[in-house]
Amino acid sequence: MLNRRDFLGLGVLAFGVAAAPINLSAVNFRETKPKAWTAKSVDNAMKELFGTTNATEGKIKLKAPDIAENGAVIPVSFETDLKASKVAVFQDANPESTVAVFDIHENAIIDYAIRIKMAKTGTVTVVAQEESGKLFKVSKLVKVTIGGCGG
């Protein structure tokens, strides 16, 4: 049974933990790598973001629909067991290729799901950079239909 003094002590402890400063930081890649966001191709975006386009296929699981009836909300998810420091999502259907860039904490589990917009049929590519600098990628073609009629 919890007495009043113990209850108040736990409340103060909980408040202290909640109010303690947490050292979280994120890189604003739009400021640090602005050319990656205006690149017109996946290769150019990769080069701007990672410094190279050399990437090994595999080690990333990518899920995206084969056919997307609505190009405005295409579900894309990816996961990997790599000890990655950065993960980026690209597509080649829109004028700008870079969709998202994630700065990964060293102990993070990489299992992300996002929704992207594609104007037409194109390829979605996910690239992960290991802490050693080595790149891995996976790609998938997503057919975007017009009005859901398969065209």
Exercise. Kindly check whether there is at least one residue in segment 46-61 that is acidic (Asp, Glu), exposed (fewer than 14 other Cβ atoms within 10 Å of the Cβ) and under 15 Å from the mean Cα position of the chain (by Cα).
Key: no
For residue 31, are the conditions met, namely being surrounded by fewer than 18 Cβ atoms within 10 Å (Cβ to Cβ) and in a loop (DSSP other than H, G, I, E, B)?
-> no
The one condition residue 145 fails out of (1) modelled with pLDDT under 95; (2) exposed (fewer than 14 other Cβ atoms within 10 Å of the Cβ) is (2)
Residues in segment 40-79 that are farther than 16 Å from residue 122 by Cα, in contact with a Phe, Trp or Tyr (Cβ under 9 Å, 6 or more places away or on another chain) and outside any strand (DSSP E or B) total 7
* **Test for residue 87: is it surrounded by 20 or more Cβ atoms within 10 Å (Cβ to Cβ), within 22 Å of residue 31 (Cβ to Cβ) and not polar (S, T, N, Q)** => yes
- Within the bounds of segment 17-25, is there any residue that is exposed (fewer than 11 other Cβ atoms within 10 Å of the Cβ), modelled with pLDDT of 70 or more and within 33 Å of the chain's Cα centre (by Cα)? no
Among the residues of segment 71-101, the number that are aromatic (Phe, Trp, Tyr) and out of contact with any Lys or Arg (no Cβ under 7 Å at 6 or more places or on another chain) is 1
Selection from segment 108-147 of residues under 20 Å from residue 39 (Cα atoms), assigned to a loop (DSSP other than H, G, I, E, B) and not aliphatic (A, V, I, L, M) yields 117, 120, 121
Residue 105 passes all but one of the listed conditions (1) surrounded by 14 or more Cβ atoms within 10 Å (Cβ to Cβ); (2) under 15 Å from the mean Cα position of the chain (by Cα); (3) not in a strand (DSSP E or B); the exception is number (1)
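The values are calculated or read from the model by the stated rules, or taken from the named source; none is laboratory data. Just so you know, these numbers come straight off a predicted model, no measurement behind them. Cβ atoms come from the backbone with ideal geometry, glycine included; neighbour counts cover every protein chain shown.
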